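Enquirer: The structure that follows is given in the form of structure tokens.
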Amino acid sequence: MIHIYNDILKAKRENIKLLAILLDPDKIDLKTIDELVSKINQSPATHIFIGGSLVITNILDELIATIKETCSLPIVLFPGNPSQISDQADAILFLSLISGRNPDFLIGHQVAAAPIIKKTKLEVISTGYMIIESGSTTAVEAVSKTKPLPRDNFDYAVATAQASEMLGNKLIYLEAGSGAKLAVPLQMINLVAQNIAIPLIVGGGIADLKGIQSAYEAGADLVVIGTAFENDIHFFEMNAN
């Protein structure tokens, strides 16, 4: 049995940095999935996250099953709503959008999803999800109808993360948003990391390997790359030169 959260905790204790590639089913062509998975296998990725703000396609189960044929990385659902649940995955980030005050994304969708998840063998990882202002209106902001936290109010971000940890969440996820103009500020990452004990995920607006390394150095335990890899599956090869 896969114990993804325990592995994340172990990596944090040993100061091993993790990397997830985020795949949006709406932007995947199953006809080219073999090449995509090949590039993932050649990358430094430790996890695959799957999900999106909308997900209007119905290929989720097939996509995950196809990836698993040639890739051994753990697959973690990163759902925008209860329709994005698949028992083909290994785990699910059970997200609560703690940066907003829309009850649907704080608890409503979670109530709808719980009976569905109970029928699967998915490892459930409760996650405090924080959207950070990134210079543009991102898809998650539009869909959730919530405003991101100000990128210069570090104290409020820290207090929000601490409250999430006290409520029992196992991870904190600082998110600038898919295709964000600006990544999460390094000082915010650093202060949040210093003031919580649980692992910290950072994603959105990271465009190159330097950005990944900077997030690690600031305190991120796991960095998520989505749009940059989406736009160029040779991302890791190009950035290594």
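Enquirer: Being part of a loop (DSSP other than H, G, I, E, B) and either open to solvent by 30 Å² or more (accessible area, probe 1.4 Å) or at pLDDT below 90 (or both) is the filter here, so list the residues in segment 16-33 that pass it.
Expert: Selection gives Ile16, Lys17, Ile28, Asp29.
Enquirer: Looking only at residues that are in a loop (DSSP other than H, G, I, E, B) and basic (Lys, Arg) in segment 99-133, which one is nearest to Gly179 (Cα to Cα)?
Expert: Restricting to residues being in a loop (DSSP other than H, G, I, E, B) and basic (Lys, Arg), the top hit is Arg101.
Enquirer: Please specify each residue of segment 182-211 satisfying the condition of being farther than 21 Å from Thr127 by Cα and open to solvent by less than 30 Å² (accessible area, probe 1.4 Å). Give the steps one after another, and end with the answer.
Expert: Residues of segment 182-211 that are farther than 21 Å from Thr127 by Cα, as a first pass: 182, 187, 207-211.
If the condition is that a residue be farther than 21 Å from Thr127 by Cα and open to solvent by less than 30 Å² (accessible area, probe 1.4 Å), then Gly211 is the only one that fits.
Enquirer: Which of (1) in contact with a strand residue (DSSP E or B) (Cβ under 7 Å, 6 or more places away or on another chain); (2) within 24 Å of Thr46 (Cα to Cα); (3) at pLDDT below 95; (4) among the small types (Gly, Ala, Ser) is the odd one out, the single condition Ala89 does not satisfy?
Expert: It is condition (3) that Ala89 fails.
Enquirer: Follow-up question, since we're still on this one. State yes or no: is Ala89 open to solvent by less than 30 Å² (accessible area, probe 1.4 Å) and either over 17 Å from Asp232 (Cα atoms) or aromatic (Phe, Trp, Tyr) (or both)?
Expert: So Ala89 passes the test.
Enquirer: Going residue by residue through segment 67-75, is there one that turns out to be closer than 23 Å to Gly179 by Cβ, within 19 Å of the chain's Cα centre (by Cα), open to solvent by 20 Å² or more (accessible area, probe 1.4 Å) and among the polar types (S, T, N, Q)?
Expert: no
Enquirer: From (1) open to solvent by 50 Å² or more (accessible area, probe 1.4 Å); (2) modelled with pLDDT of 95 or more; (3) not basic (Lys, Arg), pick out the condition that doesn't hold for Phe105.
Expert: Here Phe105 meets the rest and fails (1).
Enquirer: Looking at Leu171, Leu167, Leu93, Leu122 in this structure, which one is touching a residue at least 12 places away in the same chain (Cβ under 8 Å), more than 21 Å from Phe49 (Cβ to Cβ) and either in contact with a Pro (Cβ under 7 Å, 6 or more places away or on another chain) or not basic (Lys, Arg) (or both)? Quick ask: steps written out before the conclusion?
Expert: Details: Leu171 fails: more than 21 Å from Phe49 (Cβ to Cβ); Leu93 fails: more than 21 Å from Phe49 (Cβ to Cβ); Leu122 fails: more than 21 Å from Phe49 (Cβ to Cβ).
Among Leu171, Leu167, Leu93, Leu122, only Leu167 is touching a residue at least 12 places away in the same chain (Cβ under 8 Å), more than 21 Å from Phe49 (Cβ to Cβ) and either in contact with a Pro (Cβ under 7 Å, 6 or more places away or on another chain) or not basic (Lys, Arg) (or both).
Enquirer: Under the condition of being within 19 Å of the chain's Cα centre (by Cα) and aromatic (Phe, Trp, Tyr), which residue from segment 128-187 is nearest to Gln213 (Cα to Cα)?
Expert: The extreme case among them is Tyr173.
The values are calculated or read from the model by the stated rules, or taken from the named source; none is laboratory data. This structure is a prediction, so every number in the text was calculated from the model and none was measured. Because the Cβ atoms are built from the backbone with ideal geometry, glycine has one as well, and the counts that use them run over all protein chains shown. These area figures cover heavy atoms from the full protein model, side chains too; ligands, DNA and RNA do not enter into them. Shrake-Rupley method; radii C 1.70, N 1.55, O 1.52, S 1.80 Å.
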